[in-house]
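Structure incoming, see below.
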Amino acid sequence: MSRVESWFRNPIFLLCLAAGLIAFVVQSGELGSADTMHRLQSAHAFWTSEPPVFPSEYPEFGVHGRNGTIQSWYGIGQSLLMLPADILGTYIEKLHVFDRYGETDPSVRDIVVTYLTQMFVTVLTALVCFKLLRQFSFSVNQSVAGVLAFLLATTHLHYSQNMMENNYICLLTLAGFAFQYEWLQTGSRRALLIGTGAFGLNLLTRLTTGMDLLAGVFFVVLVLWFDGVRGHSMFERFRSYALVAFPVFCFFGLLDRLYQFYRFGSFTNTYVSLVAKEAIARDPSLPSNYPWTAPWHVGFFGALFAPEKSIFLFDPLIILALILLVLHWRRLTPAVRAYGIATCLMLLAYLSFYARYFAWAGDFAWGDRYVSTAVQLVALMAIPLLLRYRHEAGKLIWTAGIVLLCGSFVIQVASLMFWMSLEIYQEETLGHPTFVIALRAKNIVAFALGKMDAWGLNNVPMTQDPWDYAHITCWNFLPFVLRRVGEAPAWVVRIAFVVWYAGLAALAATLVRLRFVMRRLQAS
């Protein structure tokens, strides 16, 4: 058997190949949000003479830092992630073959950054998810199914196309859980350094990932507790953990504070307080507690039940995960119990923290982007638990689980079809509340049939920004975006379509092959 043949008999290789192809075929070539555009500019400023924020962008974006410079208000984490692809994309963009293309959107640099970064993150996420599920004693088949459900049937798929921080944060949090659990199993100091380092690295992306870090610490304590470790033994195990973990956490916390001092001349403040100070100075009518102005109950229950943002509508697999965690609690292994409690408490922490933020759901986003990662982490257990306890749960739960899985997959695919801002513009005339997922389904059917005007789905706000209008009136995949923008030569657009269809075919073939390998494993 050749090496290539052995690869295509290996479920892990096929799973990684499928993950990379999923990320490949969903790309639009665009960064997906203004936030990511600004973070990419910060990455560009690390190694070029360009500023992190252009003066023309202020005051819409940016805040004054040391010596009156205008600084980005985001953490450094995602900028560092994009830096290698930014360097490569910048040099590719300068090649003679792209002279006529110029800086048209989507730019060559943006295309390189989105494809390389998103494929890298998605493949690593598949590997870490698989590792964690196998550590939790799920079979290979159950673990592969769980990973594919995670990638295709949660909002992780949407953020594989729209390159916000979410999937990077998700990857690091999963790595934190997986490698800390490896330490609990083996005592490996290296594993503990990787796990705590992943949680610490998250702090550089968004300080609120301190909640992920605390969930990881609590997970360690819970695993020990459910394993029957008590008293002096518990103290010694946690002491061993703390001697490695706390210095690592402090190191990354210090890096974040040094970056804050470099930009703003202070170790103790956050960009939120600086932005609020300048915003109130420009508009004294803003309340003194800006941006924490939303009533707590509005943000908390809105994230749960609002038709525009409900986590249960945008990530239905969380419903299945919660039901199965409760239904099979006594059957669960200590590690799965600990993970379930830790991630559910983390979700509650995120819901409570962002509930008073003026844009508690993340403003321009598909669903509630501030809590979506925590939701995905809970939902990860849904399909593995459904498969493991299929016979114990009975036909009703099995059928309901399959329905939720299929429904969630359809919702996630629908989220890819248009740029996320489409429904936000439509809500300006449709009003609130709006059942966004139903509206997205209507948009897909109307656009496919050429009935957007006839069905009253076009409005004036959609046309006021030419860039936005071009991107919300085409299918949100690179070949269609290139054709809609109209700047790329026709032969480039044709090649893009050929490559995209080839990618879809390769993904389908990989999934079929993976299914065949899984069946052989189950039979052996």
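Give the cross-link partners of residue 451 among the lysines, using a straight C-alpha distance below 17 Å as the criterion and excluding same-chain residues fewer than 8 apart.
Within the straight-line limit of under 17 Å, residue 451 reaches these lysines: 442.
Could I ask something else about it? Measuring from label point to label point, each 7 Å out along Cα→Cβ, what is the residue 236 to residue 92 span in nm?
It is 5.4 nm.
What percent does the relative contact order of segment 311-447 come to when contacts are Cα pairs within less than 8 Å and at least six residues apart?
Relative contact order comes out at 33 percent.
Which of the peptides 137-145, 174-182 is most tightly packed, and how do the rest follow, judged by the mean count of other Cβ atoms within 10 Å per residue?
174-182, 137-145
Evaluate the charge dipole of segment 466-524 about its Cα centre and quote only its size in Debye, nearest 20, assuming +1 on the Cβ of each Lys and Arg and -1 on the Cβ of each Asp and Glu.
460
On to the next question. Can you quote the Å³ per residue value for the convex hull of the Cα atoms in segment 322-466, rounded to an integer?
Cα convex hull per residue, to the nearest whole number: 138 Å³.
Can you tell me the length gained on complete extension of the stretch residue 432 to residue 508, counting 0.36 nm per residue apart and subtracting the Cα distance? It would help to have the intermediate numbers written out before the result.
Values: separation 76, 0.36 × 76 = 27.36 nm, distance 3.91 nm.
Stretched out fully, the residue 432 to residue 508 stretch lengthens by 23.4 nm.
Could you give the size of the charge dipole of segment 249-332 about its Cα centre, using +1 on the Cβ of each K and R and -1 on the Cβ of each D and E, expressed in debye and rounded to the nearest 20?
Its charge dipole is roughly 260 debye.
Of the accessible area of segment 26-101, with the probe set at 1.4 angstrom, what percent is carbon plus sulfur?
60
I would also like to ask the following. Can you bin segment 400-514 into rounded, prolate or oblate? Criterion: square roots of the alpha carbon gyration tensor eigenvalues sorted a ≥ b ≥ c, rounded for a/c under 1.5, prolate for a/b above b/c, oblate for the rest.
oblate
Hey, any idea what % of segment 136-178's accessible area is carbon plus sulfur with a 1.4 Å probe? Please list the in-between numbers first.
Working: 320 of 480 Å².
Carbon plus sulfur share of accessible area: 67 percent.
Oh, and also: Would you kindly calculate the translational diffusion coefficient of the chain, applying Stokes-Einstein with the Kirkwood radius from alpha carbon pairs, for 25 °C and a viscosity of 0.890 mPa s, and quote it in µm² s⁻¹ without decimals?
100
Picking from 226, 467, 153, whose Cα lies most toward the positive end of the charge dipole for the chain (charges on Cβ: Lys, Arg +1; Asp, Glu -1)?
Of the options given, the answer is 226.
To the nearest 10 Å², what's residue 172's accessible area with a 1.4 Å probe?
It works out to around 20 Å².
For the chain, return all DSSP H helices satisfying: extent of Cα atoms along own axis at least 20 Å; mean Kyte-Doolittle hydropathy at least 0.5.
11-26, 77-93, 108-135, 189-203, 210-226, 334-354, 395-417, 490-523
Related question: Can you bin segment 364-403 into rounded, prolate or oblate? Criterion: square roots of the alpha carbon gyration tensor eigenvalues sorted a ≥ b ≥ c, rounded for a/c under 1.5, prolate for a/b above b/c, oblate for the rest.
Numbers: a/c = 5.18, a/b = 2.47, b/c = 2.10.
Taking the square roots of the gyration eigenvalues as a ≥ b ≥ c, segment 364-403 is prolate.
Now, a different point. Separation of segment 228-274 and segment 345-418 by C-alpha centroid, Å?
Cα centroid of segment 228-274 versus Cα centroid of segment 345-418: 29 Å apart.
If I take R0 = 25 Å and measure r between the Cβ atoms of residue 262 and residue 47 in this structure, what FRET efficiency does the formula 1/(1 + (r/R0)^6) give, to the nearest 0.05?
0.95
Using a 1.4 Å probe and ignoring any ligands, DNA or RNA, find the accessible area of residue 487 and quote it in Å² to the nearest 10.
Surface accessible to solvent at residue 487 totals approximately 110 Å².
How many nm is it between the label spots at residue 333 and residue 465, if each spot is 7 Å from the Cα in line with the beta carbon?
4.7
Rounded to a whole number, what % of the accessible area of segment 301-366 do carbon and sulfur atoms account for, probe 1.4 Å?
Taking all protein chains in place, segment 301-366 shows 71 percent carbon and sulfur surface.
If you don't mind, there's one more thing I want to ask. With the dipole of the chain worked out from charges on the C-beta (+1 for Lys and Arg, -1 for Asp and Glu) around the Cα centre, which of 56, 244, 307 lies farthest toward the positive end?
Result: 244, furthest along the dipole toward the positive end.
Then there's this: Can you give me the C-alpha center-to-center distance between segment 17-96 and segment 500-524, rounded to a whole angstrom?
Result: 35 Å between the Cα centres.
By per-residue mean of other Cβ atoms within 10 Å, what is the highest-first order of 82-94, 285-297?
Final packing ranking: 82-94, 285-297.
To the nearest 10 square angstrom, how much accessible area does residue 64 have with a 1.4 angstrom probe?
In the full protein context, residue 64 sits at about 80 Å².
In addition: Can you tell me the accessible area per residue over the chain, all protein chains present, probe 1.4 angstrom, in square angstrom?
44
I'd like the distance separating the alpha-carbon centroids of segment 127-193 and segment 280-332, in whole Å.
Centre-to-centre distance over Cα atoms comes out at 23 Å.
About the Cα centre of the chain, how large is the charge dipole given +1 on each Lys and Arg Cβ and -1 on each Asp and Glu Cβ? Please answer in debye to the nearest 20.
2200
Have a look at 14, 88, 28 and report the one farthest towards the positive end of the charge dipole of segment 1-97, computed about the Cα centre with Cβ charges (Lys/Arg +1, Asp/Glu -1).
Value computed over the given set: 14.
Considering the zone a paramagnetic label at residue 403 would reach in this model (a point 7 Å from Cα along the Cα-to-Cβ line), which residues of segment 305-325 have amide N under 16 Å from it?
313, 316-321, 323-324
With a 10 Å radius around each residue's Cβ, average the other Cβ atoms per peptide and rank 198-209, 268-279, 351-362, highest first.
Taking the mean over residues of other Cβ atoms within 10 Å, the ranking is 198-209, 351-362, 268-279.
The values are calculated or read from the model by the stated rules, or taken from the named source; none is laboratory data. On a predicted model such as this, the values are computed, not experimentally measured, just so you know. Ideal geometry is used to build each Cβ from the backbone, glycine not excepted, and the neighbour counts take in all protein chains shown. The protein model used for the area step is the full one, side chains on, heavy atoms only, and it has no ligands, DNA or RNA in it. Shrake-Rupley method; radii C 1.70, N 1.55, O 1.52, S 1.80 Å.
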